[in-house]
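Below is one structure, written out as structure tokens; the observations come after it.
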Amino acid sequence: MDSDILLQLNNITVVYSDVIQVLRGVSLAVRERQIVSLLGSNGAGKTTTLKAVSGLLKPENGKVTDGTISYEDKTVQNLSPEEITRKGIIQVLEGRQPFKYLTVEENLKVGTATRWGKPYRKDLEMVYNYFPRLKERRKNLAGYCSGGELQMLVMGRALMAHPKLLLLDEPSLGLAPLVVQEIFRIIVKINEEQQTTIVLVEQNASMALGIAHYGYVMENGKIVMEGRAGDLQKNPDIKEFYLGMGAAGAKSYKDVKAYKRRKRWL
Amino acid sequence: MDFFLQLLVNGICIGFLYGISAMGFVMIFKSSSVVNFAHGELLAAGAFLFLALVTWANLPVPAAFLLTLAGTFILGFVIERLFLRPLIGEPLIEVVMLTIGLASILKGAMLLIWGGNLHNYPDFLPEGLGLHFGAVSIPPVYTTSILISILFLLLFGLFFKFSSQGIYMRSVADNQTAALSLGVHVKKVFALSWAIAALVAGMSGIVLGIINGINVHELSAIGLKVFPVVILGGLDSIGGAIIGGLIIGLLETFTGGYISTSLRDVIPYIALVVILLIRPYGLFGLVEIERV
Ligand SMILES: Nc1ncnc2c1ncn2[C@@H]1O[C@H](COP(=O)(O)OP(=O)(O)OP(=O)(O)O)[C@@H](O)[C@H]1O
Ligand SMILES: [Mg+2]
């Protein structure tokens, strides 16, 4: 195993409620300080993969039943979220999920739960540096923030925990293109300045591959393709299915059928 | 008019106590969605522990008071650890059954030790604490209880607003998954809410014991009044619990004073039914922020 691999999933199977199998042998590796993007259509199992890593399957009655997850060369599958977060893995949940009735600054303060009692002033400054909007809104209830502000808030909240590995689940979901650009710019900045390794789950494949070093594509609970981000961007199938740049141009019924056929092959 | 003022003061005082003990109930409900049917027994446990420390152990009152608070805090903690934690994630009905069982066990244990008779604390409140405004006089126990209530409210307000643990507790009540994702020890938060709830229940138990005397049956029946109080205030609102407590307290004393004492004990439940019919989410239930 390479020494600079931070996280490795070896052929993991995830089952919900003892019967619903969602991941069927997922393997992937994340190198230290890289941004790795995980693409795939709805229901492919991206969120489940992240939750398998962060330990958040447990409250949903899900379990890694097969395979191993190793992080810093230790196996971590099925540990509790309390243990995993304390190893430096923080997941930013899909659909934002702020603490609505807490102020922006109180939300950020919850991010220090993994190192309770330690000073955090500097970290607040750091987060406000990345997201100046949050500083302006810091006394407001999070429930009244806009979508873009909330995305900044939940990312900032995760940063407060000093993560080594940050798992971002669809940060661009439902945001205006300009805001998405801003968020992605900050993701790159965090990766470079804080040396945070990032796994980025996205529907927005072109943006994600634009900033990632490496990428994986999931379908139906399996990895169907992987490669350096630059190579994936050039791949004709990726272009057609995820970047919306099908060679045929205008969509016709024939294209849709072709899409289905190709997708099965994928 | 004097009679009115007297009832007003009594009502506010009783209401504060109802409100504060309902606050404990709401805390448990908010953090872990557990409906605690053993609340009245926690109230009684505090009253009897204080009795034991004051009469059997002959401790000075302030020491006994603080020790009782510590004892009920630990009791709540232990209850969560032993009984509630194994049931995390189980259906609500099982948890409710458990708290009902817990209520019988606690009640049984207290009956065994102290029997079903009425006990009284020795008189220890200095007369000087009583207040007199013309014909209206406020007995020392009422001034004390209002002072203690306000002190507790202040302390808890500060705790929830500024301490890390308080903020973690609110975060769990707000969005449990998000709190887990940030490494908040959700189980510790559950335990802490039980501990604090038992502590405030114990405190109310002591003061109610000073006012009415101490009797297992009566105190556990008072515990049931948290239901009208929290239904009135909104199950998920701590501020609502206090206001709900005040309303029920006033309603009770005024009914008792002007209409009949036998109606007094029923009126909270009449209010409960009326509120359920017209505003099932309570008068002060949280306004759901729907923006996100
Ligand atoms: N708690 C659960 N219990 C049972 N099945 C679940 C659970 N959570 C997810 N699933 C199923 O697992 C599959 C993968 O879900 P997952 O959320 O991982 O997909 P995703 O790739 O993140 O999709 P999306 O892009 O829509 O977020 C879906 O078919 C979903 O219905
Ligand atoms: Mg998802």
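Only the coordinates and a few stated rules stand behind these numbers; no lab work does. Remember, it's a predicted structure, so these values are computed and weren't measured experimentally. Quick reminder, even Gly has a Cβ in these numbers, built from the backbone with ideal geometry, and neighbours come from all protein chains shown.
Taking Rh as the Kirkwood radius computed over C-alpha pairs, what is the Stokes-Einstein D of the stretch A:37-173 at 10 °C in a medium of viscosity 1.306 mPa s, expressed in µm² per second?
Using the Kirkwood radius from Cα pairs, D works out to 101 µm²/s.
How far is helix A:147-159 tilted off the main Cα axis of chain A, in degrees rounded to 10, range 0 to 90?
That helix lies at roughly 70 degrees to the long axis.
Pairs of lysines 8 or more apart, or on different chains, with alpha carbons under 15 Å: count those in the stretch A:94-162, would you?
Within the stretch A:94-162, the lysine pair count is 7.
Using just the Cα positions, wrap chain B in a convex hull and report its mean projected area in square nanometres, one decimal place.
Over every viewing direction, the Cα hull of chain B projects on average to 16.7 nm².
Quick one: what are the phi-derived ³J(HN,Hα) couplings along the stretch B:141-148, Karplus 6.51/-1.76/1.60 with θ = phi - 60°, whole Hz, x for glycine and proline?
5, 6, 4, 4, 5, 5, 4, 4
Taking every Cα atom in the protein assembly as shown, find the radius of gyration and the maximum pairwise distance Dmax, and write them in Å.
For the protein assembly as shown, the Cα radius of gyration and maximum Cα-Cα distance read 28.7, 94 Å.
Assuming R0 = 30 Å, can you tell me the calculated FRET efficiency for the pair A:R185 and A:S3, based on Cβ-Cβ distance, to the nearest 0.05?
Step by step, r from the Cβ atoms, then E = 0.45.
Enumerate the amide H contacts of A:N78 below 5 Å, restricted to partners 5 or more residues apart or on another chain; note that Pro and chain-start residues carry no placed amide H.
Here A:V64 satisfy the definition.
Based on the Cβ-Cβ distance of A:L178 and B:K188, what FRET efficiency does E = 1/(1 + (r/R0)^6) give at R0 = 45 Å, to the nearest 0.05?
For A:L178 and B:K188, the calculated efficiency is 0.60.
By how many nm would the segment from B:F4 to B:H119 lengthen if fully extended, with 0.36 nm per residue of separation less the alpha-carbon distance?
Going from the current span to full extension adds 38.4 nm.
Lysines near A:K239 by alpha-carbon distance under 26 Å, same-chain residues fewer than 8 away left out - which ones?
Within reach: A:K46, A:K222, A:K251, A:K254, A:K257, A:K260, A:K263.
Relative contact order for chain B: what is it in percent, counting Cα pairs under 8 Å that are at least 6 residues apart?
Relative contact order comes out at 37 percent.
Using a simple spin-label model with points 7 Å from Cα along the Cα→Cβ vector, what separation in nm is obtained for B:R264 and A:K222?
It works out to 7.6 nm between the two label points.
For the stretch B:102-110, just list the computed ³J(HN,Hα) in residue order, Karplus coefficients 6.51, -1.76 and 1.60, θ = phi - 60°, integers in Hz, with x standing in for Gly and Pro.
Here the 3J(HN,Hα) series is 4, 4, 5, 4, 4, 5, x, 4, 5 Hz.
Output the 0 to 90 degree angle, nearest 10, between the alpha-carbon long axis of helix B:267-278 and the longest principal axis computed from the alpha carbons of chain B.
The answer is roughly 40 degrees.
If you take each beta carbon of peptide A:98-109 and count the beta carbons of other chains within 10 angstrom, what is the mean?
5
Starting from the Cα of B:K225, draw a straight line to each of the lysines and keep only those under 27 Å, dropping any in the same chain fewer than 8 residues away.
Within the straight-line cut-off, B:K225 pairs with B:K30, B:K107.
Given a Förster distance of 30 Å, report the FRET efficiency between B:L277 and B:L224 from their Cβ-Cβ distance, rounded to the nearest 0.05.
Once the sixth-power term is evaluated, E becomes 0.95.
Can you tell me the Rg and Dmax of the stretch A:94-162, counting just the alpha carbons, in angstroms?
10.8, 31
If you stretched the chain out fully between B:S137 and B:M97, how much longer would it get, using 0.36 nm times the residue separation minus the C-alpha to C-alpha distance?
Once the chain is fully extended between B:S137 and B:M97, it gains 9.9 nm.
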